[in-house]
1. Can you give the charge dipole size of the range 165-207 about its Cα centre, rounded to the nearest 20 debye, using +1 on the beta carbon of Lys and Arg and -1 on the beta carbon of Asp and Glu?
2. With the dipole of the chain worked out from charges on the C-beta (+1 for Lys and Arg, -1 for Asp and Glu) around the Cα centre, which of Val57, Leu261, Val239 lies farthest toward the positive end?
3. Would you mind pulling out the separation of the Cα centroids of the range 89-147 and the range 172-195, in Å?
4. Could you list, in their original order, any pairs among Lys9/Lys191; Lys72/Lys191; Lys18/Lys181 whose Cα atoms are separated by more than 21 Å?
5. Rounding to the nearest 10 and keeping the result within 0 to 90°, find how far the Cα-based axis of helix 39-53 lies from the longest principal axis of the chain.
6. Between Asn144, Asn152, Asn253, which gets the highest mean-square fluctuation from a Gaussian network model of the chain, Cα cutoff 10 Å?
7. Compute the helix-to-body angle for 68-77: its Cα long axis versus the longest principal axis of the chain, expressed 0 to 90° and rounded to tens.
8. If contacts are Cα pairs under 8 angstrom and at least 6 residues apart, what is the relative contact order of the range 87-146 in percent?
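The values are calculated or read from the model by the stated rules, or taken from the named source; none is laboratory data. Remember, predicted model here, so these are calculated numbers, not experimental data. Positions of Cβ are generated from backbone atoms using ideal geometry, with glycine treated the same way; all protein chains shown enter the neighbour counts. Heavy atoms of the whole protein, side chains included, go into the accessibility calculation; ligands, DNA and RNA do not. Shrake-Rupley method; radii C 1.70, N 1.55, O 1.52, S 1.80 Å.
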Amino acid sequence: MERIIVCIKGVPRPGTVKVDPETHTLKRESAELILNPPDRAALEMAMRLRERYGVEVVVMSMGPPNVAPLLKEAFALGADELILLSDRAFAGADTLATSRVLAQAIRGLTPFSLVIMGLKSVDGETAQVPPETAAILNLPSVINVIDISYSNNRFYLTRETNYGEEELEVEPPLIISMNPKLEYFRPPSLKRLLQARDLSFKSMTAQDLNLAEDLLGLKGSPTQVAGVFEKVFSQRGEVWKGEPEELADKLINLLREKGLLQKLALINR
Ligand SMILES: Cc1cc2nc3c(=O)[nH]c(=O)nc-3n(C[C@H](O)[C@H](O)[C@H](O)COP(=O)(O)OP(=O)(O)OC[C@H]3O[C@@H](n4cnc5c(N)ncnc54)[C@H](O)[C@@H]3O)c2cc1C
């Protein structure tokens, strides 16, 4: 088996999200970034395959420089190589512009057998990047994987669908997204955590990736966010106290007032 590549995303820690009033995109460079929780399963599965098949694991992330601590977390879990894909030209990227950058960086790591991503991010939540990156690289993709094994140059995958589990046999290389539910996540090694403090690692720009700027970031994104607004809940619930009969009467009167009782009667007919 050739090397395994894992793509991890930094997402703003809940409560630290700020939106750029002009571009309506998230201000990631000023937010406190945490590892996208579903990517923890991608890292865990990569480390299991590393142990089982003795394969090299490369972890990459596209984002602002404050993604670096997340790559160091991956090192503490056992990653062999770390790559930060960072350039102001990447800012405001939609899923297509993000997938272009990841695809180009992955291409540069050939030969590889497997790319593992999380099922979806907790901020954009599109789940589009894994299959989109695979399409750009003309590779097969399998989403929502729960288990993997490998023999005779074949991957045997189990994935979760709406109709139960599905077994697949796929020839490498391929891209998968991991179901976030794994029964065990290894803790980071203390020794590697200490080593990670002074760790320097590769950082690649648009120029290093030989990507034209008009394909990247906000400029290269067919999806433009028209507006972002904070949902303000105007109506608050009311708490009624009293005897059940009295409260039942009060509720029926309120439903009658709002003309909802007729509607209920029609539905129950
Ligand atoms: C609220 C919100 C709504 C959005 N809606 C859209 C939309 O409708 N359409 C659109 O095109 N864009 C949208 N975006 C932008 C989108 O979030 C970014 O393009 C993002 O970089 C990739 O999409 P995603 O977060 O949905 O990733 P997903 O496809 O959900 O992520 C799946 C996996 O891909 C990998 N991955 C994703 N991003 C990176 C990265 N930067 N570095 C390394 N690996 C990565 C990770 O393994 C991750 O688990 C939205 C962003 C926000 C905050």
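1. Values: 6 positive and 7 negative charges, 142 e Å.
The calculated dipole for the range 165-207 is roughly 680 debye.
2. The one lying farthest along the dipole's positive direction is Val239.
3. Each part's Cα centre sits 17 Å from the other's.
4. Numbers: Lys9/Lys191 24 Å; Lys72/Lys191 12 Å; Lys18/Lys181 29 Å.
Cα-Cα > 21 Å for Lys9/Lys191; Lys18/Lys181; rest within.
5. Rounded to the nearest ten degrees, it is 40.
6. Asn253
7. It is inclined by approximately 70 degrees.
8. Details: 38 pairs, mean separation 22.4, N = 60.
Answer for the range 87-146 is 37 percent.
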